[in-house]
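First the structure, in the form of structure tokens, and then the observations on it.
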């Protein structure tokens, strides 16, 4: 895919966005508004829904936009999507300081990009600043999202910030931290069976005119504007490391994967970077629609999903975005077991980073590859997507038993392990 320039006059808020185009056929273009929330109406078929992406006037990007790299002074804001507004859709909704998360060295050229430091403790804040902005720009009174995890919590926060109503279609078993977020932000929470979420989402969109920030198509397309928010991860990684040899990412629908690929591809187009790193998608071995699509040479696939505790990425349906990102970056689709993710989560905790099980999939994938031929020379980044507070089993354990301060033998036993 080639990222082209355009001279079309962009809309306000500092954005250079000029329109939408199909990923199935980039020659098929649409105006920037309204955002296409059900994929491309021209190139999609009954079997495959092709997403659209946002195009920009790349020839009008200021030369100093990326002057926050080491050793180069910059007067631009250091935090939040406003820093990158020219290469994002119009930011009509206020932010919460999303992005700017730390890149933590983890030894032997490995770095962890810790997305738990975002406002609602996950990478989803990068996408929801953009999708809620789309809702505001479209004049919607509210948003609706199908999620029992990070996406719903984040969408509720940004809707509250923008003064919009938020309906979250969840399910039983919502993690305690996510449930607390939703209640605090005043979201309307409707727990329903998983298979009922998307039909109900469409009915709410039709009845109330709420803006959908979740997928509405048979194979995954998601929101047209959403993955643009994930590009900022690539910008930040490049600012600190340059171009790493590889990036390993927990993968569900593949939007994060696509966003990181597109961000690096834009850096190449703009002459800021000389290449795109290899990207590795890391899906639960209990499912893995992207791995199935790559294996079978398909634009998207559906698979049955077995038992897994990695609820945040246990998707049965994939989309074309992930296939494109792996192909264009020369990357690979990995499947990681719950045991591998648990080991990676424990390894991160020993290094001071507490991650959700799903969030550790990137490190699990890296350890899997490193045990073989390895990802190649140079620094490697593993993206950790969310906090350990988000796991469903957070409160399942018995907790720490009280100890008698006079029982020295018991204290010694515990200290010595």
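Rule-based calculations on the coordinates, nothing more; no lab input. Note that the structure is a prediction, hence the values are computed from the model and not measured. Glycine also receives a Cβ, built like all others from the backbone with ideal geometry; neighbour counts cover every protein chain displayed.
Sorting 280, 248 from the fewest to the most surrounding beta carbons within 10 angstrom yields 280, 248.
Quick one: order 251, 174, 120, 43 by neighbouring beta-carbon count within 10 Å, fewest to most.
By the 10 Å Cβ count, ascending, the order reads 43, 174, 120, 251.
Principal axis analysis of the Cα atoms in the chain yields extents of 76, 50, 47 Å, listed in decreasing size. Is the range 278-385 rounded, prolate or oblate when judged by the Cα gyration tensor, a ≥ b ≥ c being the square roots of its eigenvalues, rounded requiring a/c under 1.5 and prolate requiring a/b larger than b/c? Here the range 278-385 falls in the oblate category. Shown for 204, 143, 237, 411: other C-beta atoms within 10 Å of each C-beta, ranked fewest to most, produce the order 411, 204, 237, 143. Can you tell me how the range 176-231 classifies by the Cα gyration tensor, rounded, prolate or oblate, using a/c under 1.5 as the rounded cut? Note, shape of the range 176-231 comes out oblate.
Here the Gaussian network model covers the chain, with springs between Cα atoms less than 10 Å apart; of 239, 157, 371, 371 fluctuates the most. Extension gain, residue 373-residue 62: 0.36 nm per intervening residue step, less the Cα-Cα distance, totals 107.9 nm. With the simple model of a label 7 Å out from the Cα in the direction of the Cβ, residue 393 to residue 328 spans 3.8 nm.
Per-residue extension of 0.36 nm, minus the Cα-Cα distance of residue 342 and residue 192, leaves a gain of 51.1 nm for this segment.
Calculated [222 nm] ellipticity per residue, helices only, for the chain: -9000 deg cm²/dmol; basis is -39500 (n - 2.57) per DSSP H run with n ≥ 4, divided by all residues, nearest 500.
In this simple spin-label model, placing a label point 7 Å from the Cα along the Cα-to-Cβ direction at both residue 269 and residue 45 gives a separation of 2.7 nm.
Springs between Cα atoms under 10 Å define the GNM used for the chain, and in it the highest mean-square fluctuation of 152, 388, 137 occurs at 137.
Taking only C-alpha pairs under 8 Å that are 6+ residues apart, what is the relative contact order of the chain in percent?
Details: 935 pairs, mean separation 66.2, N = 417.
Over the chain, the number comes to 16 percent.
Per residue and in Å³, how big is the convex hull formed by the alpha-carbon atoms of the range 124-212?
75
At R0 = 35 Å, how high is the FRET efficiency between residue 183 and residue 402 if r is their beta carbon distance? Nearest 0.05 is fine. Working from the Cβ atoms, E equals 0.70.
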